[in-house]
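Input: a single structure, listed below in structure tokens.
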Amino acid sequence: MAATASSMATTAVFMPRLPAKPTRCSALPYLPPRLSSTTSSFPLKAFPESRRLSLQIRASSSEETSTSIDTGELLTDLKEKWDAVENKSTVILYGGGAIVVVWLSSIVVGAVNSVPLLPKVLELVGLGYTGWFVYRYLLFKSSRKELATDIEALKKKIAGTE
């Protein structure tokens, strides 16, 4: 008898207590329960026909748009450019190298991102550099002119017209 009473006491202690009335922990307003599962999530039948909005969508395509791309013309243009390349192995090597560099840089960025606090520190460094750049080159008219001349000189140097 004593063993049964002690086992009942332990089960009473370990059983979770359910509140008599559900408690609300959020500040959101109370929403009524959903209707039965036979009704859809957007009941259109609840509104009369005159109150329903009609939406008509018409999609069309015209050949006059300037954004359309002729794939045949694009492929022939690419083929002509590829045939004009003299050293194809170098182009393939540079292209493969670029793909490998992008892949390795994504691995490095993922590794840096996994170090605690380092991404936030780098964000702060980026914000600081952005602030310095704005102050140095964009805030005043004379410095904007200086930046424009620097950019033009760089364009000429890249284009080889300098």
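The values are calculated or read from the model by the stated rules, or taken from the named source; none is laboratory data. Note that the structure is a prediction, hence the values are computed from the model and not measured. Glycine also receives a Cβ, built like all others from the backbone with ideal geometry; neighbour counts cover every protein chain displayed. The protein model used for the area step is the full one, side chains on, heavy atoms only, and it has no ligands, DNA or RNA in it. Shrake-Rupley method; radii C 1.70, N 1.55, O 1.52, S 1.80 Å.
Structural remarks
- For Tyr137, the shell of other residues with beta-carbons less than 13 Å away shows a net charge of +2, using +1 for Lys and Arg and -1 for Asp and Glu.
- Remark: spin-label model distance Lys79-Val109 equals 3.6 nm, labels positioned 7 Å along the Cα→Cβ axis.
- Among the trypsin sites (Lys or Arg not before Pro) in the stretch 105-162, none sits in a DSSP loop with a Cβ that has at most 15 other Cβ atoms within 10 Å.
- Cβ-Cβ FRET estimate between Leu93 and Lys141, R0 fixed at 45 Å, reported to 0.05: 0.45
- Solvent-accessible surface ranking, highest first, for Phe133, Phe140 at 1.4 angstrom: Phe140, Phe133
- With all protein chains modelled, accessible area of Glu80 [1.4 Å, Å²]: 120 Å²
- Annotation: Val112 carries an accessible surface of approximately 50 Å², with a 1.4 Å probe and no ligand, DNA or RNA atoms counted.
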